[in-house]
Structures are given as C-alpha cells and as structure tokens.
Amino acid sequence: ADIHNKSAQDLIGNHVREFLGDEIFETVIKTNIMKCLNGEDVRYESWFDFGESGVFYLDVRYFPLHNSSDVINRVAIFTRDITSIKESEKTRIHKEKLRTIMEFAATLSHDINNPLCTVSDSLELLKLNEKNPKKISYIDKALAGVEKIAEITVKIKATTCITITDYPGGPKTLDITPDIKIIN
C-alpha cells in the first residue's frame, strides 16, 4: 500500500493487475500463481521499480492455500520490503572489498619498499665513487625512478578509494586516490 501511495482499503477487493499492470501480472505474477495452484511454494528476491515511489528490493513469497477439502483454491502472496537490509549488505561487502584491497596494498608497499631501499642505497654508493659524468647521469635517472616507485608505494598505502577504469581494448585498471569513498 505504501509503495503504491494507497491505503490498504484502496487495494482490498481489487485485482492485482489494477495496481501492478498487465505486463507484470502476465509475465511474473500469473506464472507464480499457477505454480502455487499446483502446490509449489514460490520465493524470490529482486529489485522492483515503482516509478515515482522509488526502487525497492523485495522479498516475495507465494503460498498455496487449501480449502476444507484440502484442495488448493487460493494463493497468499506476501511481499516484504528489504531494501535497507540489501543496501546494508551491499555497503558491508564494499567495505570488506576495500579493506582487503587496502591490506593487499600495505603488503605490496612493504614488499616493494624493502628491495627498493637496497637498490637506492646501492645506487647512492655507486654514485659516490663514480667520476664518469655519463655514468653519474644514468645513476641519477635510476635514482629518480626509484624515488617515483617510492612515491607510488606511499600513495598505494594511503589509498582509501578505488576507482575502476576501463580502457578501450585493454584491461580494467584501478586508479588509486587517497580519499574516503568507494566507487565502482
């Protein structure tokens, strides 16, 4: 009743087709009612768009009802709005994914920084004893590359937001930015 902006009294005694429409009745509801009339319980969860009322995640159950002669002659349909539960679950899953990515990023940064320090220290030692300007230039370029990798590992460790980017004809990549949000 709330989803359709009506009172319960407005719905009682009316055919479900009147407030859900012919298409939904014929393609979804009627099929499930027929299953129920054949003795089957039907249950499903799905997102439903109710236009101006919004989009809701509903738990829908159909139960066959028996008359006094134990013949199925009616169907009870129960619909429960579980949108907030679904959204909480989605948020929890996103947080878990981000936590896992952040833990991986911290591990990756640590595992990269250890050998990177060795490379950096070795290059600095080579530079101290080098007299050839061309070789010093190469060492400086290598040190600049080491510094760039170190900056990237700091950025990876500070990551709190992952943005997935599709490149045409290429793989998906993760853009990392130190910001507090989840984007996908």
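The values are calculated or read from the model by the stated rules, or taken from the named source; none is laboratory data. Please read all numbers here as calculations on a predicted model, not as lab measurements. Heads up, the Cβs are rebuilt from the backbone with ideal geometry, glycines too, and the neighbour counts pull from every protein chain shown. Only protein heavy atoms, including side chains, enter the accessible area calculation; ligands, DNA and RNA are left aside. Shrake-Rupley method; radii C 1.70, N 1.55, O 1.52, S 1.80 Å.
Numbers below:
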| read-out | value |
| --- | --- |
| Tally of residues being out of contact with any Asp or Glu (no Cβ under 6 Å at 6 or more places or on another chain) and part of a helix (DSSP H, G or I) across region 122-170 | 32 |
| Extreme residue, farthest from the chain's Cα centre (by Cα), among residues of region 46-95 that are under 23 Å from VAL16 (Cβ atoms) and polar (S, T, N, Q) | ASN67 |
| Residue in region 66-74 that is in a helix (DSSP H, G or I), within 29 Å of HIS4 (Cα to Cα) and at pLDDT 90 or above present | no |
| Qualifying residue in region 100-121 (condition: without any contact (Cβ under 8 Å) to a residue 24 or more places away in the chain and in contact with an Asp or Glu (Cβ under 8 Å, 6 or more places away or on another chain)) | no |
| LYS181 being open to solvent by 70 Å² or more (accessible area, probe 1.4 Å), part of a loop (DSSP other than H, G, I, E, B) and modelled with pLDDT of 80 or more | no |
| Selection status of PHE78, closer than 30 Å to GLY39 by Cβ, open to solvent by less than 80 Å² (accessible area, probe 1.4 Å) and of a type outside the set (D, E, K, R) | no |
| Selected residue (criterion: least open to solvent (accessible area, probe 1.4 Å)) from residues of region 123-177 that are at pLDDT 90 or above and among the polar types (S, T, N, Q) | SER137 |
| Residue among LYS90, LYS86 that is surrounded by 11 or more Cβ atoms within 10 Å (Cβ to Cβ) and closer than 30 Å to LYS157 by Cβ | LYS90 |
